[in-house]
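Student: Below you will find the structure I want to go over with you.
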Amino acid sequence: MGFIIINVFKGIYVDLLWFDSVGFESVYRRVLFARVALFFIGAGITVAVLGLNIWLARRLAPKGPEESFIEEVDVQALRRIVTVLLIAGTLFLAVIFGSVAGGAWETILSWLNSVEFGKTDAAFERDIAFYMFDLPAYQLIQGWVMGLVIVSTLASAAVYALSLSLQGFELNVTRGMRIHISVLVGLVLLLVAASTYLSIFELVLSNGGIVFGATYTDVNARLPVRYILIALALFAGLATIANAFLSRDGYRLPLFAFGLWAITGVVGGVVYPNFVQSFQVDPNEREREELFIARNIEATRFAYGLDEIVQTDFPAEQSVTIEAIEANPQTLDNIRLLDPRPLRDTFNQVQAIRQFYKFTDVDVDRYVLDGQLRQVMLSARELDISGAQQRNWTQERLQLTHGFGAVVAPVNEVLEEGLPDFITQDIPPVSTLLELSVEGARIYFGEITDQYVIVNSNEPEFDYPLGDGNAEVSYEPDRGIELSSFARKLALSWELGDTNILISSQINSDSKLLIHRNIQERIDKVAPFIVLDRDPYMVILDGRIQWIQSAYTTSERFPYSQPRGQVNYIRDSVKIVMDAVTGDLTFYLIDSSDPVAATWAKIFPDLFTDDSEMPTAIREHLRYPLDLFSLQSNLYLRYHITDPDVFFIGEDFWNIPTERFGQQEQPVEPYYVLMTLPTEQAEAREHLEFALIMPFTPRNRQNTVAWLAGRSDEDAYGTLRAYRFPTDDLVFGPAQIEARIDQNPGISQQMTLWDQGGSEVIRGNLLMIPIGQSFLFVEPIYLQADTSRLPELVRVVVANGNAIAMEQTFDRALDVVLGRAQSSLPGGSDAGGTTPDATPTPTPAPGSETPSGDVDQLLEDARDAVDEVEADLDRLRALLDALERAQAESSN
């Protein structure tokens, strides 16, 4: 017991040191005070109630000649042992009940500080806050008290049984014993009535009907039965208590009341609802459930923010016109040709520099470069010690402390050999457009910084490779836990299970411990009550790397709202910014109108920073969160319907389309684009914005019927816009375009040729880009050798209406599908459809016909063919040279 207490105080001491080092000591003290206060309140009540009942049982136990049922044991000694055991058991149970109370600090604090929604549920007309904050607290208290009363009943019964056993069961149960036990049992039944009453409100959170929430059977069968059960439980409880005082013989009345309650619970709780469902609801389900489906639709749309979607009709013409192409040059200049997944492998091959550096994630963002808004791909060069050789404690904890730098590449530019055309690269960082300073390039805190390190030790830190040697550095920021005393070293050594912290001579009084360096672990340590988006992303601001993490306030207790996993209410309420060097966290409350976020802000007034204080430079890089958009898109497949009759039939439900990635078919993932959203306001057509989009197809069909855009810029941040297509027009979907690519003779022949002889074709994401009143489909094609993970962009496929082309560049492919150029592949262009401003005739491709013409023409064609072969050979040599350089750098 003593060891456990010391271990608890050690954990508290270490947490205080860490929270103080990150500037959130007030947050931890608030939580610690709440947990300690609830623990002692719970433990105190347990000792009082349980102790009182045990004391009362011993006083009311029958008195008479005592003898031990164990031979040769002194009765008084046995009583003393029993007394000690009862005291110890009471204290042990007090710790358990106190711990349960202390562990419920989030429920209690959110109840005491709850903010109302100003919106009521349709069934009981209670504010939504009642279900999210009040009801969980009431259920917690009821369950806690009921558990305590049951334990008190059992403990009292045990005392009585022991007393009777010591007297050989020769005495009858006294009236005092009967009253005591009857009162306790009656209280249990009264608490059961309270539990049943609270369960009434849980009907709007039930998941057993046609939709989530209270349905016809719940309201018309289960609800009346529960009111009856409440009355019967109250009657049984009061009868049990009264019987002890009024009746001297038997327990017929309590047993009758209890039996009536039990039978009603079985018949009314199971048999009757099944009867109503089978004979009243199932034969007339649409009519019976219409009202409740409407409630589910309304609640779900509100809880997920779908009711705020602005819906617009989109004409979805068959193909993009040349006028639309010319009117949207910036959108075309920012079409993403680089795919994040193969691009990550490329980054690791050509820019990792050393074996212990790693690019884990590739992010998409936008920056103003040379006065133009450009979409770029970014990735941080983080430290991954698993790739280091000859690993030891000094190396892992004192020397290799941080990653270094990042790479940035435009989404639509590649070098001749198919590799990214970097804006920012190398170590130290080299950039002409997006400056990254040496001081701001160090990554002590990131996405894979899972291990703790010690800085400012006697051992110099490795900074970055410099020629044949290494640059070294000491950590300058005043951050981390100071290892300035033996007590701190002892506590931290114990907490981390590392005795080297205590005994290493390399640690001095200026040394500091950096722990919880992973961005999501760090945030969760400070604010465990918010849910984090799975994709934190890096930004480069004023020459420094910073991380932005989207966070949500959620609940699973919104009445009638359809759940997804453990969530049926969500708001994008918080943005957290973390400095990669210092680890400093800033929690920006960007949606103070959300009652859940406002409740936590009341509990922790020092945690959140007001949205108005967010720097403009940070605000310019906010993105519509990926997880939230995916969740909303999934719900919108069904909940774009607002008519309960149409919803019941399900005829207008949608699906997420599929695409080919690599060699496999998979659902289309949301993707960020820099584009001009279609609008009826002509003056706004020049406005380029960063959006997250997703197309939709009808259920069991592959054509596209709508698309959804999550907006990220300025005042439009966090808003959704849906574009619906005409129901009488056929608009190709991603799967249909993928099929047409596979069916194109020239394209399929070329891919089959590449996919042999030690190489692999990787088909990137098929992007459906809105341009004007139609769409362009764009798919990058990568080629990778089987012996090296160095994917290179070799072709771009563009589809416009019925025209498809695969060329070395996007511009060339676009010209082919617009009829402004010929395809470079035999059969590589399918331009049989109507092309803008062109006669709807097939575009001839070189080599698709038997060569003809005069001798001069044939000689000119031959020279062109030779030039093409020589260009391909030059490109092959450049690829081999790049591969050799990458292998040489990685081996160093």
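The values are calculated or read from the model by the stated rules, or taken from the named source; none is laboratory data. Just so we're clear, the structure is a prediction, and the values are computed from it rather than from any experiment. Here the Cβ is made from the backbone with ideal geometry for all residues, glycine too, and neighbour counts use every protein chain on show. SASA here: full protein model, heavy atoms, side chains in, ligands and nucleic acids out. Shrake-Rupley method; radii C 1.70, N 1.55, O 1.52, S 1.80 Å.
Student: Roughly how many nanometres apart are two label points built 7 Å out from the Cα toward the Cβ at S437 and D313?
Tutor: Going by the 7 Å Cα→Cβ label model, 5.6 nm.
Student: Mind running the shape call on region 284-341? Use the C-alpha gyration tensor, a ≥ b ≥ c as the square roots of the eigenvalues: rounded below 1.5 for a/c, prolate if a/b tops b/c, oblate otherwise.
Tutor: prolate
Student: Here's a follow-up. Over 27 Å, how big is the tail of the calculated P(r) for region 286-437, in percent of all Cα pairs?
Tutor: Cα-Cα pairs in region 286-437 separated by more than 27 Å: 51 percent.
Student: Using the scaling law 2.2 N^0.38 Å as the reference, what is the normalised Cα Rg of region 186-284?
Tutor: 1.27
Student: When Lys and Arg each count +1 and Asp and Glu each count -1, what net charge do the other residues less than 14 Å away from I540, Cβ to Cβ, add up to?
Tutor: -2
Student: What's the center-to-center distance, using Cα atoms, between region 257-320 and region 719-759 in Å?
Tutor: A separation of 38 Å, based on Cα centres.
Student: Per 0.36 nm of contour for each residue apart, how much would the distance between T174 and R59 grow if the chain were fully extended, relative to their Cα-Cα spacing?
Tutor: 40.2 nm
Student: Which one of F258, F3, A601 is farthest out on the positive end of the charge dipole of the chain, using unit charges on Cβ (Lys, Arg +1; Asp, Glu -1) and the Cα centre as origin?
Tutor: F258
Student: Within the set of other residues whose C-beta is less than 12 Å from the C-beta of V368, count the net charge using Lys and Arg as +1 and Asp and Glu as -1.
Tutor: -1
Student: Considering only the other residues whose Cβ falls under 15 Å of the Cβ of N220, what net charge follows from Lys and Arg at +1 and Asp and Glu at -1?
Tutor: -2
Student: To continue, here is another question. In region 458-488, whose amide N lies under 15 Å from the spot 7 Å out along Cα-to-Cβ of D510? List them in ranges.
Tutor: In region 458-488, the label zone of D510 (backbone N under 15 Å from the point 7 Å along Cα→Cβ) covers 458-461, 473-479, 482-484.
Student: Now a separate question. Take the Cα pairs of region 704-783, get the Kirkwood Rh, then feed it into Stokes-Einstein at 4 °C and 1.567 mPa s and tell me D in µm²/s.
Tutor: In µm²/s, the coefficient rounds to 85.
Student: What FRET efficiency comes out for the pair D20/I263, r = Cβ-Cβ distance, R0 = 60 Å, nearest 0.05?
Tutor: 0.50
Student: Averaged per residue, what accessible area in Å² does the chain show with a 1.4 Å probe, protein chains only?
Tutor: 45 Å²
Student: Taking a quarter of the surface of the Cα convex hull of region 321-375, what do you get in nm²?
Tutor: Its average projected convex-hull area is 5.4 nm².
Student: To continue, here is another question. Say each of L78 and V8 gets a label point 7 Å from the Cα, pointing the same way as Cα to Cβ; how far apart are those two points in nm?
Tutor: Inter-label distance under the simple model: 3.5 nm.
Student: Moving on. At 10 °C and a viscosity of 1.306 mPa s, what translational diffusion coefficient does Stokes-Einstein give for the chain, taking Rh as the Kirkwood radius over Cα pairs? Give it in µm²/s as a whole number.
Tutor: 48 µm²/s
Student: Just subtract the alpha-carbon distance of S199 and E669 from 0.36 nm times their residue separation and send over the number in nm, one decimal.
Tutor: Separation in residues times 0.36 nm, less the Cα-Cα distance, equals 165.2 nm.
Student: Something else now. Dipole size in debye (nearest 20) for the chain around its Cα centre, Lys and Arg Cβ +1, Asp and Glu Cβ -1?
Tutor: So the dipole magnitude of the chain works out to roughly 6200 debye.
Student: Further, regarding this structure: Under a point spin-label approximation (7 Å from Cα along Cα-to-Cβ), what is the A157-A88 distance to one decimal in nm?
Tutor: Taking the simple label geometry, A157 and A88 are separated by 2.4 nm.
Student: Oh, and also: Given the peptides 785-797, 26-38, arrange them by the average over their residues of other C-beta atoms within 10 Å, most packed first.
Tutor: 785-797, 26-38
Student: Ok, one more. Which shape class applies to region 124-198: rounded if a/c is under 1.5, otherwise prolate when a/b exceeds b/c and oblate if not, where a ≥ b ≥ c are the square roots of the Cα gyration tensor eigenvalues?
Tutor: prolate
Student: Please report the relative contact order for the chain, taking Cα pairs under 8 Å with a sequence separation of at least 6, and give it as a percent rounded to a whole number.
Tutor: Across the chain, relative contact order equals 11 percent.
Student: Any chance you could run the full-extension gain for V95 through E285? It's 0.36 nm times the residue separation minus the Cα-Cα distance, nm to one decimal.
Tutor: Gain on extension, V95 to E285, equals 63.2 nm.
Student: When the helices in the chain are scored as -39500 (n - 2.57) per DSSP H run of 4 or longer and the sum is shared across all residues, what 222 nm value do you end up with, to the nearest 500 deg cm²/dmol?
Tutor: -13000 deg cm²/dmol
Student: Only Lys, Arg, Asp and Glu count, each charged at its Cβ (+1, +1, -1, -1), so figure out the dipole size of region 687-735 about its Cα centre, rounded to 20 debye.
Tutor: Result for region 687-735 is approximately 340 debye, rounded to the nearest 20.
Student: Hey, another quick one. Quick one: what Rg and Dmax do you get for region 504-608 from the alpha carbons, in Å?
Tutor: Looking at region 504-608, its Cα Rg and Dmax stand at 16.8, 62 Å.
Student: Taking the Cα centre of the chain as the origin and placing charges on Cβ (Lys, Arg +1; Asp, Glu -1), which of Q76, I545, N744 is farthest toward the positive end of the dipole?
Tutor: Selected residue: Q76.
Student: Quick one: 3J(HN,Hα) in Hz for region 279-294, Karplus 6.51/-1.76/1.60 with θ = phi - 60°, rounded, Gly and Pro as x.
Tutor: For region 279-294, the Karplus curve yields 9, 10, 8, 4, x, 9, 5, 4, 5, 5, 9, 4, 4, 6, 5, 4 Hz.
Student: Once all Cα-Cα distances of region 423-490 are split into 5 Å bins that start at 0, what whole-number percent is in each one?
Tutor: Computed distribution, short to long bins: 3, 12, 18, 22, 19, 12, 7, 4, 2, 1.
Student: At a Förster radius of 35 Å, what calculated FRET efficiency corresponds to the Cβ-Cβ distance of R619 and L112, to the nearest 0.05?
Tutor: Between R619 and L112 the formula returns 0.55.
Student: Can you tell me the FRET efficiency between I503 and F40 if r is taken as the Cβ-Cβ distance and R0 is 51 Å, rounded to the nearest 0.05?
Tutor: Calculated transfer efficiency: 0.85.
Student: No solvent, one uniform scatterer per C-alpha: report log10 I(q)/I(0) for region 247-347 via the Debye equation at q = 0.12, 0.16, 0.20, 0.22 1/Å, two decimals.
Tutor: The computed values of log10 I(q)/I(0) come out as -0.85, -1.00, -1.10, -1.13.
Student: Give me the percent of accessible area attributable to carbon and sulfur for the chain, probe 1.4 angstrom.
Tutor: 54 percent
Student: Of K358/K525; K358/K512; K525/K575; K10/K575, which sit over 21 Å apart, Cα to Cα?
Tutor: With Cα atoms farther than 21 Å apart: K358/K525; K358/K512; K10/K575.
Student: Same structure again: If you restrict to DSSP beta bridges whose two residues both lie in the chain, what percentage is antiparallel, to the nearest 5?
Tutor: Taking every DSSP beta bridge within the chain, about 90 percent pair in antiparallel fashion.
Student: Nearest 20 debye, what's the magnitude of the dipole of region 83-231 about its Cα centre given +1 on Lys and Arg Cβ and -1 on Asp and Glu Cβ?
Tutor: Using Cβ point charges on Lys, Arg, Asp and Glu, region 83-231 gives about 460 debye.
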